[in-house]
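Take a look at the structure below.
Please treat every number below as a calculation from the coordinates, not as lab data. The model shown is predicted, which means the values in this text are computed figures rather than measured ones. Heads up, the Cβs are rebuilt from the backbone with ideal geometry, glycines too, and the neighbour counts pull from every protein chain shown.
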Amino acid sequence: MREATITRSTRETDITAKLNLDGSGICKIDTGIGFFDHMLNALTVHGGMDLELKAMGDLHVDGHHTVEDTGIVLGTAFREALKTSGAIARYGSAFVPMDESLALASLDISNRPYLVFDCEYSDDRTGTFDNCLTEEFFRAFAFNAGITLHIKLIYGSNDHHKIEAIFKAVAHALKAAKAVTGGEVLSTKGVI
């Protein structure tokens, strides 16, 4: 089974995540930021994973440390869980609509972390979530998971829908890329 449990404690946050890459969307998520919990739930369900995550952060400051550190922990858990995979599809791309919004995510589980993020928002916040933290989360996730990740919001007007389309697009791209293929590692080098 491709699972990992990661705990990370700093002066700003205390986060534990238990991730199963081959789940059925079972979630128990509490970061203290309602909209962020909703997005992590979407990532888990649409990505075909199970996630139990508890984050306690310095929300009296703002949500930045909690969101970024959750990305670090979740990315690390993803990378650890993949170690028992053998050969995987490696690449995944998805266009996902959410009402008037459309997002694209394309990724390579390459051990060459990179993020290209192209999205603009109408407002600063959705609920108590700072919209700019979407990019911070995916940067932390991609760099700690060892993923090259490109995210583009094609269009949209409602920030909730924009961000949800992004999370779901990444989820579907991850679902395709983490699929076990058997056989040889998909790399001319023989390793990822």
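Given 117, 138, 129, which one is buried (at least 16 other Cβ atoms within 10 Å of the Cβ), within 16 Å of residue 172 (Cα to Cα) and of a type outside the set (Val, Ile, Thr)?
138
Of the residues 55, 4, which single one is in contact (Cβ under 8 Å) with a residue 24 or more places away in the chain and either exposed (fewer than 14 other Cβ atoms within 10 Å of the Cβ) or closer than 30 Å to residue 86 by Cβ (or both)?
Exactly one residue qualifies, and that residue is 4.
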Across region 8-34, the tally of residues that are surrounded by fewer than 19 Cβ atoms within 10 Å (Cβ to Cβ) and either closer than 21 Å to residue 98 by Cβ or free of Cβ contacts under 8 Å to residues at least 60 places away in the same chain (or both) stands at 17
Quick check on region 154-171: of everything there that is surrounded by 20 or more Cβ atoms within 10 Å (Cβ to Cβ) and not small (Gly, Ala, Ser), which residue is farthest from residue 129 (Cα to Cα)? 170
Positions within region 140-154 being out of contact with any strand residue (DSSP E or B) (no Cβ under 8 Å at 6 or more places or on another chain) and β-branched (Val, Ile, Thr), in sequence order: none
Scanning region 93-114 residue by residue, those within 10 Å of residue 173 (Cβ to Cβ) and of a type in the set (Ser, Thr, Tyr) turn out to be 93, 106
